[in-house]
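Worksheet: the structure to be examined is printed underneath.
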Amino acid sequence: MTRWGMVIDLGRCIGCQACTVACKVENQSPVDAWYAPVVEYEVGRYPDAQMAYLPMLCNHCTDAPCIKACPSGALHRRDDGIVIADEEICIGARACMTACPYGALHLHEGRSGELLGDGTRNTPSILERYAHERHIEGTVSKCTYCAHRIDFGTEHGLTPGIDPEATPACVVTCPTECRVFGDLDDPDSPVSRYVVEHGPTGVLRPDARTGATTAYVGLP
């Protein structure tokens, strides 16, 4: 059975934030929600200190705390391993946000524009308007590995991780190809081959024991 997953090679990440922007545009996420942030931090000590970058996203855990915590059943795992937040069912309880050890879930609070001095708001941007059309205010949303692109690809005979139209936007846009996507259960998939050639891999917060399917090469 197909089990989608991603490997991120930290040695290749240059912190350009292209993945973050591509995700924002592709998913039209609420203005204050970033599904694919890149955390910048400093390693080493002066005079040998340097910047390092940690791309983050939903880990699509096989033992997902968010699913266990959700009181409405809005969070569920598809047969292919992708964890989905159904905004039509979500009641905005935020229990999933508290349970997630990766900060991968975001509440759409309906903010629009910036406050002016007189307390009124500017006209919402085009991106804000799109977000309001795509997402339901008062509900939680998150990274889906661009499930809509994956589903389109499988319906049209394309291979996620190889064909751009069927691959997550963050993977497609990365200029250094530090993100690799594919079927973890297929030894010939791009992600499986990359792990064999460049591993070993590690996951964030291994102490949480979530069974994360987003893994990293070069974790400190």
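Values in this text are rule-based calculations from the coordinates and carry no lab data. Just so we're clear, the structure is a prediction, and the values are computed from it rather than from any experiment. Here the Cβ is made from the backbone with ideal geometry for all residues, glycine too, and neighbour counts use every protein chain on show.
Tabulated data for the structure shown
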| read-out | value |
| --- | --- |
| Added length on full extension, which subtracts the Cα-Cα distance from 0.36 nm per residue, ARG77 to MET1 | 26.0 nm |
| Radius 15 Å from Cβ of CYS90, net charge of other residues (Lys, Arg +1; Asp, Glu -1) | -2 |
| Gain on full stretching of the segment that runs from GLN50 to ASP185 - 0.36 nm per residue minus C-alpha separation | 45.0 nm |
| Compactness relative to 2.2 N^0.38 Å, alpha carbon Rg of the chain | 1.05 |
| Radius 13 Å from Cβ of ASN27, net charge of other residues (Lys, Arg +1; Asp, Glu -1) | +1 |
| Residue-count net charge about MET1 - beta-carbon cut-off 13 Å; Lys, Arg +1, Asp, Glu -1 | -2 |
| Computed [θ] at 222 nm, helices only, for the chain once each DSSP H run of length n ≥ 4 contributes -39500 (n - 2.57) | -6000 deg cm²/dmol |
| Cα gyration tensor category, rounded, prolate or oblate, for the stretch 137-209 with a/c compared to 1.5 | oblate |
| Residues VAL203, VAL25 arranged by fewest to most Cβ contacts within 10 Å | VAL25, VAL203 |
| FRET efficiency, THR176 to THR62 (Cβ-Cβ, R0 25 Å, nearest 0.05) | 0.35 |
